[in-house]
Each structure stands twice: as C-alpha cells, then as structure tokens.
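What follows is a single structure, written as structure tokens, with notes after it.
Read-outs throughout are calculated quantities, based only on the coordinates presented, and are distinct from any laboratory measurement. Just so it is clear, the structure is predicted and the values come from calculations on it, not from any experiment. Cβ placement follows ideal geometry from the backbone for every residue including glycine, while neighbour counts extend to all protein chains displayed.
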Amino acid sequence: MKTLHINTERTWRGGEQQTLNLLSGLCERNIPAHLVCQPESPMEKNAKKAGITVFPVAMRGEADPVAAFKIRKILGGRDYDILHAHTSHGHTLGFLAAMGKKARVLVTRRVDFSIFRNSFLHLNGIKYRYMADYYIAISHKIKRVMVADGVPGRRIFVVHSGVDIKRFAGAKKQPLMDEFKIQAGQPVVVNVAHLAPHKGQEYLVKAIPRVLEEIPSARFFIVGGGELMSDLRSLAATLGIKDQLVFTGFRQDVGDFYALADLFVMSSVQEGLGTAVLDALAMEKPVVATCAGGISEIIKDGETGRLVEPADPAALADGIIDMLSDSERARQMAARGRRLVETHFSIQAMVEKNIEVYRRILKDDKD
C-alpha cells in the first residue's frame, strides 16, 4: 500500500494539522505516505520537520494544468495505490493527475455545507459525483449532506478527526493570569477559532451581557485572528463589554488559554466536526457548544457538555451560566468528555480508520 497526499493550502489551520497527523501515523506504521503541497508553505515546513517525503508543487487554483501535469509525473514514477486529496482544490487536481493511472482518488471533506454552495452553474455536482472514486467525511453530518446532494453513500466513509491528547500537557495558566490581571477564582470563558461567520462568535459576543448579569466577575477570551476582528470589536464596544472581553488575535500559546479556561465555548453555526472542542475535552475542560454540524457527535447534552441551538445568544448565555454555576456537574461532564476523546477521537484511532478505508478501497478494486 503506497499513498500520495495533496494539500493545496498556503496557511496552517485544522485541516493541515489533521493531514500531518495522518501522514506521521502512516509513516510510523511503515506505510509509504508522501505529500504534494505548496512550496514555502507551513505544510511543507512542518511535514519536512516530521520526516515526511515532500514534493513542493506550486498549485494556482484547482484547474491548474501545469500543477496537474507535475502531480501526474509524481504519480506515474512511483506506483502509488491511492491518491488522497485533503482540500477542495486538491480534489480537482488529483482527479486530473490520476486520469488513466491505477491510483484510486480519495477525497477528505471537512465542511458540513452543501457541495453546491458557491458552485457555478451547479458544476460541483459533476465534480463530486464523478471526479473522485471515494470520500472520507469527518462526521456523519457531512456524509448526510453529501448524500442529500447526490453523492452515493456507498462511496463515502466516515472517519472522525483525531487530536493529540497530550498536545497541551505542559500548558500553564499563570502567565496569562499575570498578563491579563485575572484574579484567583474569577471565572474564565474561552473560545478558540478563526474569526469567520461560520464560527458564530457574533452570537457569543451578544450572549456575554446576559452572562454578566448573573456572573459579573466573568472574563471572556476569543482567541484567533480573522476577517471579522474589526466587526466583532465594534460589536463588543457597542454592547459595553470591551473590558470583560479580550480579542487576543493569533497566539502561539493557545494551550495556555485552554489551561486558563474554566469553560470552553464553541459558538459555530456550521462545523464539520470541531477539533477545538476535542482539544478542550482532552484538557478535561467543561464545554458549551452549539449543535451545528458534527459537534453533536462529540457533545451529548448533559453528558459530555452542554449543547445549545446555533445562532441563539440567549440559549448560549443560559448554557454558559448553567455550567459556571454548577462547577462540580461541569467537572463530571468534562471527565466523561476526556474519556470519550481517549477512546474515539485520538490520532491513533483516526489513523487506523483511514488505513481501514485504504484497505477497503484496494479490496474493492480486487473484487
């Protein structure tokens, strides 16, 4: 079994971390796994650091014939069994590169919106029905959306993303308590996500005044950068909460914010799965999250956290107040969440399930 992977992103986000986790896990199991990625990208740098064989290819969009030709040459010269694309543009380039080759095209889909969103003349229907042999959806919700859009369910496997349970084991909250002048016993609520519409931070900001009415000492941190930073800051100022809410921007010490948190909040209106929720549970932190996308496959309301409706500031506020007001119950839910991550959402589980998919694909070809 020999695999070639494509990731076309120039930045580093959750999908790139998952790609690297998979590649590293395959190599640890002596399964050849090589990577095509953008030159000088974080993906190239981190993959090389991890000892992955990397082929830097400039990929200028999904219909770049030069890039497709270069990937085709890589495929033809090394006898790969599976070409695994991890991005939408990689999907198209992989299809073009593999035409007439023995490698089966497998595409991982990480988002829970319709394949027809932003699709010119619904051409994505052709792309998803005919331009890949198989798919991996990172949640059952994503699979349901794809099937509703016309992709045959028999070609879609569900493999949840996995996180490194010990990733933030050395994190310390004291430096942040000093930096932000947080008093001992002061409740801290943290959100970690890119500042984009589908992450729903607007509704978290709108929920804060109601929380402060009940728990006036609470402090809130939204960790991450993104295009909505200015709008969200303006909203916070309008609501009169700019002293209780900190927008940190991009931070290297994300683990310290998880350590600082008394409660983690995921406010998304769309979410493929929610690895930030998994990171929080791996740190045994209580979670309030929306039931968007695949989050409900992690958070069971009242068991591993609190689950509320998306785009509903009042429901989000009530969930936050509930968890901060009953710390022992919140702690018990967080402990159950930690055990869930250990058994079902580890990197090891994710890698093994991907390997099962590869074996199924190769077996189907023989049958």
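Data for the structure
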| read-out | value |
| --- | --- |
| Principal-axis tilt of helix 229-239 within the chain, Cα atoms, nearest 10 degrees | 20 degrees |
| Principal axis dimensions, largest first and in whole angstrom, of the chain by Cα | 65, 44, 37 |
| The range 3-72-the range 321-367 distance, computed between alpha-carbon centres (Å) | 24 Å |
| Over 30 Å between alpha carbons, listed pairs Lys300/Lys366; Lys127/Lys363; Lys300/Lys353; Lys199/Lys285 | Lys300/Lys366 |
| Restricting the range 175-239 to trypsin sites (Lys or Arg not before Pro) in coil, as DSSP defines it, with at most 16 other Cβ within 10 Å | Lys181 |
| Largest to smallest principal axis extent of the C-alpha atoms in the range 16-155, angstrom | 40, 30, 28 |
| Local electrostatic count at Lys45 - Lys and Arg +1, Asp and Glu -1, tallied over other residues with Cβ under 15 Å | 0 |
| Between 0 and 90°, nearest 10: helix 347-366 axis offset from the chain longest Cα axis | 30 degrees |
| Normalised contact order of the range 174-344, rounded percent, pairs of Cα under 8 Å and 6 or more residues apart | 23 percent |
| Using alpha-carbon coordinates, inclination of helix 313-325 to the longest axis of the chain, degrees | 70 degrees |
| Anchor Lys206: aspartates and glutamates whose Cα lies under 13 Å away (excluding residues fewer than 8 positions away in-chain) | Asp231, Asp312, Asp318 |
| Rg/Rg_globular for the range 174-344, with Rg_globular taken as 2.2 N^0.38 Å and Rg from C-alpha atoms | 0.93 |
| Sorted by Cβ density within 10 Å, fewest first, the residues His198, His160, His84 | His198, His160, His84 |
| Net charge of neighbours whose Cβ lies under 11 Å from the Cβ of Asp81, counting Lys and Arg as +1 and Asp and Glu as -1 | +4 |
| The range 78-97 and the range 212-242: distance between their alpha carbon centers, rounded to Å | 41 Å |
| The chain - mean residue ellipticity at 222 nm from DSSP helices (-39,500 (n - 2.57) per run, n ≥ 4, rounded to 500) | -13500 deg cm²/dmol |
